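Student: Pasting in a structure now, in structure tokens, and then I'll have a few things to ask.
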Amino acid sequence: MIQPNLERIFDWVLYTIVLLPVALIAAGGGMIGGIAAASFVAIVASWFTHKRKLGHQIKQKTWDILVASYVVVTVIIVFAFDFAILDGAIQLLLVLTCVRLFSRLSMREEFQIFILSFILLAAATTIIEDLLYGVVFGLYVLAGTFGLAVFHLRNELMERPRLAFRSPPRLERPYAVVLIGTSGIVLATSLLLFFVFPRVGLGFFAPQSRDGMSMVGFSESVELGGHGLVRDNPQVVLRVEFPEGRPSFSQYHWRMLSFDHYDGRSWTQTLQDERKHPLHWRRPLDDIYPQKGEPKLLQMYMEPLDTALLPTLFPTHSIKLGTPNITMPIGPRSGRLTMDAYSDIRHSVPSNLGIPYMIWVAEPDDSPREKVEAANPAFLQQPIESQRFADLTRQAVSNATLPKEIARNIEEFLESNYTYTTDLPEVGESPVEDFLFTTRRGHCEYFATTATLMLRQAGVHARIVNGFYGGQWNNVGDYWAVRQGDAHSWVEYFDPSVGWLKLDPTPPSSMPQANALLDTLRKTMDASRLAWTKWVIEYDLSAQIDVLRSAADTFAPKPSNDRDAKREINWTIILGSLGVVLVGAGGFALWKRRKTRLDPLQSAFMAIEAAAKRAGLNRRIDEGPSEFLERLASKSPKISAPLRKFSGLYLGARYGNLDVDLNEIQIVSEHIIKYLKSLKKDSL
């Protein structure tokens, strides 16, 4: 009979390694997620039925018929109702796991549960590839390694005759520490192999896609009044790294979508026949947006959005899909970039996949240029014909005649006379006129729409632009995070001597102070999410080469011909390597220590064998314990009696299931070892 505490530990570990992948599949949602949630309940129920051995009362043939019937039903569902084969396989694995938990009687069935749990964990990669998978995977490796060790120990005690100890053996703390340390070593080794072993990115193979993030205000038509609804949403939609240093300008307008036509309530795009112009990444865009100075590189990681648009920083010099860590131009996620008549940049990558890309940005330049293409007349469309709107526009424009002066006067007029708010009543037939003459307060869409229409009223080509403004620096991951709450609208107007210029007439708004602890936790989670995407989901051969090159630079000798040559130390690699060494050394020390605790009789025999080897008597490969001890007794007459006594105790306990006295074993073995150590080396 197995000791109760070991049996309880085994059950806890077994159910842990089963529930972890099932919970992961359930978190993936969808129909399979619902089935996994139901299986979760069944697995918990099997804990209680197994304790009462209720499932054992059902014959194995009945369970086999149940499984076979379910296989038939699954095949019919897959082929008759266009159910995904992979989903059907996962569903079948869940059923097999539940059946095995209810009906487990032997070690073979329990080992099958271990295998099924691992297959479920692998299958979960097709459902969820978020950071949650990494957390669950780490826990699974730790629990699985620990569980297999307990499984082996438990089965050894069941199948082999036990030694009779004065006190029953327990899963003592040192042994548990050894198992946990071993699990840590396995996890560390797995991570090391992951970063060293060649691969293409997991994202290359992943057949599934993440759900697109629903964005208020980012559709092909925008109705006035939608943007303010997401003002307080902290969900990150874009992460930006600055490998060459942040640009000197601090106002980040992340441009996405612009419009030409306003019907009095909604903005739409009408230039459908001029949509797709292929965009080569080497082509500078300064013919559209005037720039000056040397452009700087920004690495962008966009979450899956419900749009085929790419956010770009105004003004953008050039753009390219992929980053040094994530290669995009090859494989099933490849795509191309196009620019439409509104200067909006679109991609052909499936919109429900997060997209990495790079942009080069430079300082905006509003100085006159020699050649500027004319603007489309569609950007002069004016739906408001009321006299009071025209009068108010003339008041705002004042005596200005140049586009820059007109834009600046309109901006100052709106900022001085109107208030920013997201709390608005229902608008009437003319939202702009209600804003100007009744409420006198509104959010960014009202200010941007009003400024666009006033510019057009004054004869200046203008368009409203939707995107994001600002963001927040993530000091945990050292990148700029753009959130849904940063959604914003502004204006671009056309100066015939310069080109398209930016105008943001929305006055500053006060944001509520975030809780410091909650903000730090949110930044930490978001930084972990980005790291997971870069170094796990999309980690491929090119990124692996960069890591190995960084490691080589770290450990390579300093050039002797250049005393001033400096090499940047990659402390992450150094500390990580040191951690693996320390964990390995600690695990080895604990493993050495646990030998004397698990099996004192075997440890005593091994100590005698080692002492005899030092004295010159080696145990032959084909020599059993009895023959070896007898030969040692013949070579050492002074300890022949203790050796034969130890041999009798050893053989009787190991193979005769006899009770032994540990104190007697210890006294006899210490006498033998002491004598052997007193001999000169190789004297036997």
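The values are calculated or read from the model by the stated rules, or taken from the named source; none is laboratory data. The structure presented is a predicted model; accordingly, all values stated were derived computationally and were not measured. A quick note on method: Cβ atoms are made from the backbone with ideal geometry, for glycine too, and the neighbour counts reach across all protein chains shown.
Student: Name the single residue that is farthest from residue 496 (Cα to Cα) among those in the range 283-301 being modelled with pLDDT of 85 or more and buried (at least 22 other Cβ atoms within 10 Å of the Cβ).
Tutor: Looking at the filtered set, the residue picked out is 301.
Student: Also: With the structure loaded, tell me whether residue 586 is in contact with a helix residue (DSSP H, G or I) (Cβ under 7 Å, 6 or more places away or on another chain), at pLDDT below 85, surrounded by 11 or more Cβ atoms within 10 Å (Cβ to Cβ) and outside the structural domain of residue 674 (by TED's automatic domain parsing) or whether it fails that test.
Tutor: Judged against the criteria, residue 586 is a match.
Student: Report yes if some residue within the range 102-114 is under 29 Å from the mean Cα position of the chain (by Cα) and within 25 Å of residue 138 (Cα to Cα); otherwise report no.
Tutor: Among the residues of the range 102-114, at least one is under 29 Å from the mean Cα position of the chain (by Cα) and within 25 Å of residue 138 (Cα to Cα), which makes the answer yes.
Student: The conditions are (1) hydrophobic (A, V, I, L, M, F, W, C); (2) within 21 Å of residue 383 (Cα to Cα); (3) assigned to a loop (DSSP other than H, G, I, E, B), and residue 437 fails exactly one of them. Which is it?
Tutor: For residue 437, the exception is condition (3).
Student: Mind telling me which of the residues 17, 25, 76, 85 ends up being in contact with a helix residue (DSSP H, G or I) (Cβ under 6 Å, 6 or more places away or on another chain) and exposed (fewer than 13 other Cβ atoms within 10 Å of the Cβ)?
Tutor: Being in contact with a helix residue (DSSP H, G or I) (Cβ under 6 Å, 6 or more places away or on another chain) and exposed (fewer than 13 other Cβ atoms within 10 Å of the Cβ) holds for just one of 17, 25, 76, 85, which is 85.
Student: With respect to residue 435, is the statement that it is farther than 30 Å from residue 288 by Cβ and crowded, with 21+ Cβ neighbours inside 10 Å true?
Tutor: Judged against the criteria, residue 435 is a match.
Student: Something else about it: Can residue 373 be described as closer than 16 Å to residue 285 by Cβ and surrounded by fewer than 13 Cβ atoms within 10 Å (Cβ to Cβ)?
Tutor: Yes, satisfied.
Student: List the number of the failed condition for residue 614; all other conditions in (1) closer than 26 Å to residue 682 by Cβ; (2) not in a helix (DSSP H, G or I) hold.
Tutor: Checking residue 614 against (1) closer than 26 Å to residue 682 by Cβ; (2) not in a helix (DSSP H, G or I), the one that fails is (2).
Student: Could you list, in sequence order, the residues of the range 399-429 that are of a type in the set (S, T, N, Q) and closer than 19 Å to residue 501 by Cβ?
Tutor: Across the range 399-429, the qualifying residues are 401, 409.
Student: List the number of the failed condition for residue 660; all other conditions in (1) surrounded by 13 or more Cβ atoms within 10 Å (Cβ to Cβ); (2) not in a loop (DSSP other than H, G, I, E, B) hold.
Tutor: For residue 660, the exception is condition (2).
Student: I'm trying to understand the selection: among the residues of the range 603-635, which are more than 24 Å from residue 662 (Cα to Cα) and not basic (Lys, Arg)?
Tutor: Across the range 603-635, the qualifying residues are 615, 616, 617, 618, 621, 622, 623, 634.
Student: Looking only at the range 641-655, decide whether some residue is surrounded by 15 or more Cβ atoms within 10 Å (Cβ to Cβ), in the same structural domain as residue 604 (by TED's automatic domain parsing) and part of a loop (DSSP other than H, G, I, E, B).
Tutor: No, the conditions are met nowhere in the range 641-655.
Student: Pairs please, first residue from the range 297-325 and closer than 16 Å to residue 360 by Cβ and not assigned by TED's automatic domain parsing to the domain that holds residue 131, second anywhere and charged (D, E, K, R) and surrounded by fewer than 23 Cβ atoms within 10 Å (Cβ to Cβ), Cβ atoms under 6 Å, 6+ apart in sequence or on different chains.
Tutor: 297/244; 299/241; 314/502
Quick grid of which residues meet (1) in a loop (DSSP other than H, G, I, E, B); (2) in contact with a helix residue (DSSP H, G or I) (Cβ under 8 Å, 6 or more places away or on another chain); (3) modelled with pLDDT of 85 or more:
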| position | (1), (2), (3) |
| --- | --- |
| 332 | yes, yes, no |
| 342 | yes, no, yes |
| 351 | yes, no, no |
| 360 | no, no, yes |
| 378 | no, no, yes |
| 384 | yes, yes, no |
